[in-house]
Amino acid sequence: MEAIQNCTKLQHTLEIAEIGQAYFNNETKVMYFDTVSCKIHETLKNRFSFIDLMRMYSTSSAKKYIETVRQGALTKQSRFDSILEIVTDSGAKKWIHLVGVPEYTKDICLGIQFLYKDVDQETREKMNLNLQSYTLDSSFKNATEGIAMVTIGGRFIKANPVLSAMLGYTEEELVNKPLIDFVPTEDLEELETVLAKFLMGTISQYQGEKQYINRLGQRIRVKLTISIIRDEDMIPLMFVIQLTDLTDIYQTEDKIKNLLYLVTDQNQRLLDFAYIISHNLRSHSSNLSMIIDLVKREFPKDVSNYYFPMLNATSKGLSQTMDDLNKAINSYSHNQEDVTEVNILEHFNIALNNKSEEIATIKAQIVNTIPDQVSIIHIPEYVINIFGNIIDNAIKFRNPDCSLKLEISHTELDDYEVIAIKDNGLGMKQQAPSNKLFGMYKTFHKNLSDRGIGLFIVKNQLEALKGKCVFESEEGVGSTFKIYFKK
Amino acid sequence: MNICIVEDSTLTVLLLKKTLAIFNKDIKLVSFTDAMNALKWFEKDYLKQKPEFLLIDINMPLMNGWEFIDNLHRTHPNFKIPIYMLSASCDPADREKAAAYPLVKGFIAKPIRIETINALLLAETTISRN
């Protein structure tokens with residue numbers, strides 16, 4: 001009687017403790033739940049077939065138990081005591097604590113007595129915490145910046161590999177070392193103030209560009225970040241220090257600065273050189289021409305001097321070179337504001353009109369098929385000059401035996417608007433590489449007024465806006481300049 | 001005929017003098033190799049030997065031709081004597097600049113040709129006669 005009473009009391013206690021009971025009949029393979037177990041398993045049924053059980057215990061953590069039972073592999077000593085995940089009727093997953101003890105009569109397993117407890121919330125929390133701690137630990141170890149935990153008193157608790165390497169110590173050596181060992185004296189006061197502010201709660205984060213001193217006594221520039229960790233009652237637990245090495249950034253910056261300085265300096269020297277060419281040197285060459293002119297006029301006898309024609313030719317050549325250099329120098333200077341939309345046909349016609357007299361004199365025929373709506377982004381003066389120089393070139397190297405015919409056409413490519421200017425002039429025997437043809441003072445027509453400066457300027461003015469020029473020629477047939485204007 | 005030259009190269013001044021003398025032996029030249037000295041002259045003495053026209057070099061150290069004209073305008077707001085600029089560079093910017101200076105009557109490109117000086121003298125003589 002007393003035993004029955006005790007049993008009821010136990011039943012009551014288990015209910016209050018929210019511990020469910022269940023019995024598995026090994027012979028019929030049927031599981032019986034009490035009310036608490038039903039609640040835990042979130043089901044209204046209290047009787048389950050083995051198939052029901054297999055569905056309920058289908059998660060990876062539960063499967064092996066049901067397998068043991070199914071295979072009849074239970075022994076007298078078999079015990080279940082596990083936290084595992086089940087699938088409830090609604091399909092939701094839930095963590096339960098299960099304890100199972102087999103019941104034996106002689107060597108026959110009659111069934112299994114089970115106790116259940118819902119441990120879903122605490123299990124999930126624990127798992128989450130583990131995950132967080134794992135993630136934190138792994139970021140701490142693999143971080144590319146130095147991270148360390150420092151006691152409120154300013155001694156290292158733990159440093160990650162990067163920070164240890166930055167300071168020049170092993171992780172173990174750093175433990176318990178005072179932070180101030182690595183702080184330059186001039187920064188000590190500030191650091192103390194900052195840490196005091198943290199402790200008073202007036203700041204929660206600090207960031208600044210600082211230096212620290214490593215084991216070898218070298219000063220390293222870093223970005224320093226300090227934050228504080230407090231417990232639930234807001235009592236400070238420790239500081240977290242983060243260091244990002246700025247050496248590379250500063251070195252790169254220094255390199256760029258040096259390079260910029262070098263380029264600026266060289267550019268200035270080029271400008272000075274250009275100035276000397278266009279002014280000082282020019283002044284001498286023009287005086288020389290004037291002297292020769294005056295000699296011719298005032299001392300006509302001296303002109304018959306054997307060397308005079310040479311002097312005269314040299315002076316003329318020098319003046320010509322000065323002119324060319326000036327043109328080349330002036331052809332570069334442009335501002336971003338000069339770049340605008342340029343209608344190709346319109347600007348070709350301007351270039352053509354500039355030569356109208358010459359074209360009329362030599363009775364040149366112009367066949368122009370550039371459509372009137374094609375535009376590019378360029379500098380109008382450059383475009384006029386580019387066409388002008390090529391027209392000049394065609395006039396200069398025309399075939400004296402027939403009248404000049406110029407055919408101008410347009411093709412559109414993915415990246416370029418291409419203008420081809422074809423002439424029936426002298427042409428050239430061998431296809432000269434474009435870079436030679438367009439180089440300063442590269443000339444091929446020895447007997448003609450062969451000055452290469454025009455094409456040199458064409459090349460530069462095209463390249464200034466990512467364009468290019470291709471030249472095709474056949475001796476006695478003519479030449480074609482293809483001008484590629486970048487779209 | 002009086003002509004004033006502001007040109008930093010003494011050789012150029014000498015050669016100009018020679019060239020001018022070819023056409024007119026009576027030309028009196030007032031020349032300055034430093035624009036500052038030229039300005040001083042215009043402040044005090046220029047009326048004693050008033051030039052028919054000025055030849056001003058654009059590219060001079062310390063004060064260039066344009067700056068010289070600016071200063072001249074400041075001291076002589078009613079300056080009416082024509083000015084010819086001597087230009088060694090073919091910088092198009094100089095030609096554009098000339099539009100802002102009504103007194104600038106023309107450009108003489110260097111090297112200065114004897115024929116150019118002849119044409120210049122003919123033009124200025126005709127004007128002064130009229």
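The values are calculated or read from the model by the stated rules, or taken from the named source; none is laboratory data. Note that this is a predicted model, so its numbers are computed, not measured. Cβ placement follows ideal geometry from the backbone for every residue including glycine, while neighbour counts extend to all protein chains displayed.
Values computed for the structure shown
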| item | result |
| --- | --- |
| Single residue of region A:167-208 satisfying the filter (of a type in the set (Asp, Glu) and surrounded by 11 or more Cβ atoms within 10 Å (Cβ to Cβ)) that is farthest from residue A:250 (Cα to Cα) | A:173 |
| Residues within region A:214-244 that are at positive phi and not hydrophobic (A, V, I, L, M, F, W, C), tallied | 1 |
| Subset of region A:125-142 [surrounded by fewer than 13 Cβ atoms within 10 Å (Cβ to Cβ) and either within 17 Å of residue A:85 (Cα to Cα) or among the polar types (S, T, N, Q) (or both)] | A:125, A:127, A:128, A:130, A:132, A:133, A:135, A:138, A:139, A:142 |
| Filtered residues of region A:20-55 (kept if surrounded by fewer than 19 Cβ atoms within 10 Å (Cβ to Cβ) and part of a helix (DSSP H, G or I)) | A:35, A:38, A:39, A:50, A:51, A:52, A:54, A:55 |
| Exclusive hit being farther than 30 Å from residue A:280 by Cα and in contact (Cβ under 8 Å) with a residue 12 or more places away in the chain, set A:391, A:329 | A:391 |
| Helices (runs of 4 or more DSSP H) lying entirely in region A:155-255 (those with 2 or more residues that are of a type in the set (A, V, I, L, M)) | A:161-167, A:185-200 |
| Residue within region A:123-134 that is in contact (Cβ under 8 Å) with a residue 60 or more places away in the chain and among the aromatic types (Phe, Trp, Tyr) present | no |
| Region A:51-81: number of residues that are out of contact with any Ser or Thr (no Cβ under 9 Å at 6 or more places or on another chain) and either within 13 Å of residue A:111 (Cα to Cα) or outside the structural domain of residue A:106 (by TED's automatic domain parsing) (or both) | 7 |
| Subset of region A:209-231 (residues that are surrounded by fewer than 13 Cβ atoms within 10 Å (Cβ to Cβ) and closer than 15 Å to residue A:150 by Cβ) | A:229 |
| Helices (runs of 4 or more DSSP H) enclosed by region A:257-362 - at least 1 residues per element that are within 22 Å of residue B:58 (Cβ to Cβ) and modelled with pLDDT under 90 | A:282-298, A:308-332 |
| Residues of region A:442-487 satisfying the condition of being at pLDDT 85 or above, of a type outside the set (A, V, I, L, M, F, W, C) and in a loop (DSSP other than H, G, I, E, B) | A:466, A:467, A:487 |
| Residue in region A:143-155 that is closer than 28 Å to residue A:42 by Cα and surrounded by fewer than 15 Cβ atoms within 10 Å (Cβ to Cβ) present | no |
| Residues located in region A:349-374, provided they are surrounded by 11 or more Cβ atoms within 10 Å (Cβ to Cβ) and not aliphatic (A, V, I, L, M) | A:349, A:353, A:354, A:355, A:358, A:365, A:368 |
| In region B:1-14, residue surrounded by the fewest Cβ atoms within 10 Å (Cβ to Cβ) [restricted to those that are more than 11 Å from every other protein chain (Cβ to nearest Cβ) and at pLDDT 90 or above] | B:2 |
| Tally, over region B:15-28, of residues that are without any contact (Cβ under 8 Å) to a residue 12 or more places away in the chain and more than 9 Å from chain A (Cβ to nearest Cβ) | 2 |
| Residue match in region A:99-111 (condition: hydrophobic (A, V, I, L, M, F, W, C) and touching a helix residue (DSSP H, G or I) at 6+ places or on another chain (Cβ under 8 Å)) | no |
| Residue in region A:419-438 that is hydroxyl-bearing (Ser, Thr, Tyr), surrounded by fewer than 19 Cβ atoms within 10 Å (Cβ to Cβ) and either modelled with pLDDT of 55 or more or not assigned by TED's automatic domain parsing to the domain that holds residue A:345 (or both) present | yes |
| Qualifying position, being without any contact (Cβ under 8 Å) to a residue 40 or more places away in the chain, part of a loop (DSSP other than H, G, I, E, B) and either under 21 Å from residue B:33 (Cβ atoms) or within 14 Å of chain A (Cβ to nearest Cβ) (or both), among B:85, B:63 | B:63 |
| Among the residues listed as B:71, B:59, the single one being in contact with a helix residue (DSSP H, G or I) (Cβ under 6 Å, 6 or more places away or on another chain) and farther than 20 Å from residue B:30 by Cβ | B:59 |
| Answer from B:95, B:74 - the residue that is among the charged types (D, E, K, R), in a helix (DSSP H, G or I) and more than 14 Å from chain A (Cβ to nearest Cβ) | B:74 |
| Test: residue in region A:98-114 that is assigned to a helix (DSSP H, G or I), modelled with pLDDT under 85 and of a type in the set (Val, Ile, Thr) | no |
| Complete set of residues in region B:104-113 that are surrounded by fewer than 16 Cβ atoms within 10 Å (Cβ to Cβ) and either away from chain A (no Cβ under 14 Å) or touching a Lys or Arg at 6+ places or on another chain (Cβ under 9 Å) (or both) | B:106, B:107 |
| Criterion: more than 14 Å from chain A (Cβ to nearest Cβ), surrounded by fewer than 18 Cβ atoms within 10 Å (Cβ to Cβ) and not in a loop (DSSP other than H, G, I, E, B) - qualifying residue of B:120, B:47 | B:47 |
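Yes/no per residue for (1) in contact (Cβ under 8 Å) with a residue 12 or more places away in the chain; (2) more than 7 Å from every other protein chain (Cβ to nearest Cβ):
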{"position": "A:270", "(1), (2)": "no, yes"}
{"position": "A:279", "(1), (2)": "no, no"}
{"position": "A:291", "(1), (2)": "no, no"}
{"position": "A:294", "(1), (2)": "no, no"}
{"position": "A:297", "(1), (2)": "no, no"}
{"position": "A:300", "(1), (2)": "no, yes"}
{"position": "A:309", "(1), (2)": "no, yes"}
{"position": "A:312", "(1), (2)": "yes, yes"}
